[in-house]
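Student: One structure coming up, written as structure tokens, with questions to follow.
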Amino acid sequence: MAQLWGGRFTKQTDQMVYDFNASILFDRRLLPQDIRGSRAHATMLAKVGVITEEERDKILNGLDSILQDVTDGNLKITTEYEDVHSFVEANLIDRIGDAGKKLHTGRSRNDQVALDMRLYTRGEISAVEELLQSLMQTLQTLMEENLDTYMPGFTHLQKAQPVSFSHHIGAYMEMFKRDFSRLKDIYTRMNYCPLGAGALAGTTYPLDRDMTAELLGFAGPTLNSMDSVSDRDYLLEYLSALSVIMMHLSRFSEEIILWNSNEYGFIELDDAYSTGSSIMPQKKNPDIAELVRGKTGRVYGALTSMLTTMKGIPLAYNKDMQEDKEMSFDAMDTVKNCLALFTGMISTMKLNKERMAESAMMGFTNATDAADYLVKKGVPFRDAHGIIGRLVLYCIDKKTSIDALSLEELKDIDAHFEEDVYDAISLSTCVEARNTIGAPGHSAMKKVLEINRSYLNSLVIDPA
Ligand code: ARG
């Protein structure tokens, strides 16, 4: 047990207490952030004259060597230490002696861990921004290539009106654009530095908080020391944004699974992104999509867990807050994996365009257009709706579709039908006639594709 706080104690910590209390097994991933924060703190301490420049240089070199040794596998972060902060300090003192003991001047583990988590989360935000960017690029390509790939659009999972694959994918594009902008918002709000808040009430040392904030790439220092050490809003916001991303990926996965099924047959997932069955030789399963859908639950779980942990905590720091890590890390890892795999999965899948078009022709997806046709011939819409309803019933009975009926049959049902009806209710007309912005018609879609293209070209990833 290498602890930072033995002085006022007369007994050894009980081993179970030590284990229960320790966070090293999960906070060791904060090592790079801890070192980065400590470097900034030491640099600032020298600048304001709390330590000498010589001490600063020893500290900086010592910190760098610790990170290097861990990275190279020459130094292990073990349970001998309570947490990553104790690990770094103990090793620093080991390496450079008394100067190492000065690093913690004007600092508490409370503002230290607040900083580490913020730096870590900030890096995660920019990593997810990048993953979303490449997902959106993949979607944009799919959209550009499939303006003429017609498919049924659904409501209630019943065929409704025909759309294009490009248009359908465009819906997800909008979702991920919103996800990206949510991350940007969170980043802007969270990018303030808690270092210098001390345990809860600041310090008596003349710390230059503007300097450390700037060294660490923050917009400035946080403004209330009690809030600084006990604020995890940014993490809640991030977990919430991750939950929404997962909700989007999960809905998308559900569609991929349906489309890839024998019944739909709209797409075929690449072998590299599918798995087999141990008993049924014919099987090729969409496990990746299923796992993405399934893993959504644990990301929601992290959000719920974190909200629940925070709700009863009085100001300022309480040990409950150590619980901010395991589930959050898990959620962060999960989302990054899901985004990367999902992007690979959809960029390698094959589209069965004929099957999509066939499916769009069946199921009366042109019924609305047939009603609109009658409206253009002077029939009030409500009457037209009734006429087409009867027409659909007739077709169901005859096991055929509206466009397959002869003009005589159509005229028998309503005299307004003329030869031009076939063109008016053809699959391509049904899609292409819809050209208000946001609709699936070519000219509307082209405008959106252009907007998306310049959006993608101007995306800026926030620095980690
Ligand atoms: N391991 C702790 C955490 O993750 C670090 C802060 C400890 N602070 C304290 N006062 N015990 O929250």
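Student: Highest first, please rank the peptides 241-249, 5-13, 191-199, 69-77 by the mean number of other Cβ atoms sitting within 10 Å of their residues. Numbers along the way, then the final one.
Tutor: On the way: 241-249: 22.2, 5-13: 8.8, 191-199: 23.9, 69-77: 12.4.
Result, highest mean first: 191-199, 241-249, 69-77, 5-13.
Student: Kindly state, to the nearest 0.05, the FRET efficiency for I451 paired with L223, given R0 = 35 Å and r defined as their beta-carbon distance.
Tutor: On the way: r = 38 Å, r/R0 = 1.10.
Here the calculated transfer efficiency is 0.35.
Student: If you don't mind, there's one more thing I want to ask. Within 10 Å of each residue's Cβ, count the other Cβ atoms and sort D270, D34, D403, D420 from fewest upward. Don't skip to the answer; put the middle values down first.
Tutor: Working: D270 14, D34 27, D403 18, D420 11.
In increasing order of surrounding Cβ atoms, one gets D420, D270, D403, D34.
Student: While we're looking at this one, here's another question. Pop the C-beta distance of K284 and M362 into the FRET formula with R0 = 22 Å and round what comes out to the nearest 0.05.
Tutor: Numbers: r = 25 Å, r/R0 = 1.15.
My answer for the efficiency is 0.30.
Student: Check each of the GluC sites (Glu not before Pro) in the stretch 333-422 and keep only those in coil by DSSP with at most 12 other C-beta atoms within 10 angstrom; list them in order. If you can, show how the numbers build up before the last one.
Tutor: Details: sites: E354, E358, E408, E409, E418, E419; in loops: E418, E419.
Hits after loop and neighbour filter: E419.
Student: Based on DSSP, what percent of beta bridges with both residues in the chain are antiparallel, to the nearest 5?
Tutor: Values: 9 of 12 bridges.
Here the antiparallel bridges make up roughly 75 percent for the chain.
Student: Which loop trypsin sites (Lys or Arg not before Pro) in the stretch 361-429, with loop taken from DSSP, have no more than 16 other Cβ atoms within 10 angstrom of their Cβ? Please report the intermediate quantities before stating the final value.
Tutor: Details: sites: K376, K377, R382, R390, K398, K399, K411; in loops: K377, K399.
Taking the stretch 361-429 and a limit of 16 other Cβ atoms within 10 Å, the loop trypsin sites (Lys or Arg not before Pro) found are K377, K399.
Student: So, one more: Over the Cα atoms of the chain, what radius of gyration and what Dmax do you get, in Å?
Tutor: Calculated on Cα positions, Rg and Dmax stand at 30.4, 102 Å.
Student: How far, in degrees from 0 to 90, does helix 233-260 lean away from the longest principal axis of the Cα atoms of the chain, to the nearest 10?
Tutor: 30 degrees
Student: Quick check: the angle from helix 84-96's long axis to the longest principal axis of the chain, C-alpha only, nearest 10 degrees?
Tutor: 40 degrees
Student: Can you sort T400, T204 from fewest to most other Cβ atoms within 10 Å of each residue's own Cβ?
Tutor: On the way: T400 12, T204 8.
Lowest to highest Cβ neighbour count: T204, T400.
Student: Apply the Karplus curve 6.51 cos²θ - 1.76 cosθ + 1.60, θ = phi - 60°, to the phi angles in the stretch 44-52 and return the couplings in whole Hz, x for Gly and Pro.
Tutor: So the J values, rounded to whole Hz, are 5, 4, 5, 4, 8, x, 7, 10, 7.
Student: A further question on this structure: Which links in K284/K446; K184/K446; K177/K284; K411/K447; K398/K447 stretch past 30 Å when you go from one Cα to the other? Don't skip to the answer; put the middle values down first.
Tutor: Working: K284/K446 36 Å; K184/K446 27 Å; K177/K284 32 Å; K411/K447 39 Å; K398/K447 41 Å.
Correct reply: K284/K446; K177/K284; K411/K447; K398/K447.
Student: Which order do the peptides 124-130, 317-323 come out in when sorted by mean C-beta neighbours inside 10 angstrom, highest first?
Tutor: Ranked by mean Cβ neighbours within 10 Å, highest first: 124-130, 317-323.
Student: Could I ask something else about it? Helix 165-190: angle to the longest alpha-carbon principal axis of the chain, degrees 0 to 90, nearest 10?
Tutor: The helix 165-190 is inclined about 20 degrees to the chain.
Student: If the reach is capped at under 27 angstrom between alpha carbons, list the lysines near K319, excluding any in the same chain fewer than eight residues apart.
Tutor: Cα-Cα hits under 27 Å: K11, K76, K101, K102, K311.
Student: Tell me, D423, D27 in order of fewest to most beta-carbon neighbours within 10 Å? Display every interim value, and only then the final one.
Tutor: Values: D423 11, D27 25.
Ranking D423, D27 by Cβ neighbours within 10 Å, fewest first, gives D423, D27.
Read-outs: derived from the displayed coordinates by stated rules, not from any lab. Note that the structure is a prediction, hence the values are computed from the model and not measured. Reconstructed Cβ throughout: ideal geometry from the backbone, glycine too, with neighbour counts over all protein chains shown.
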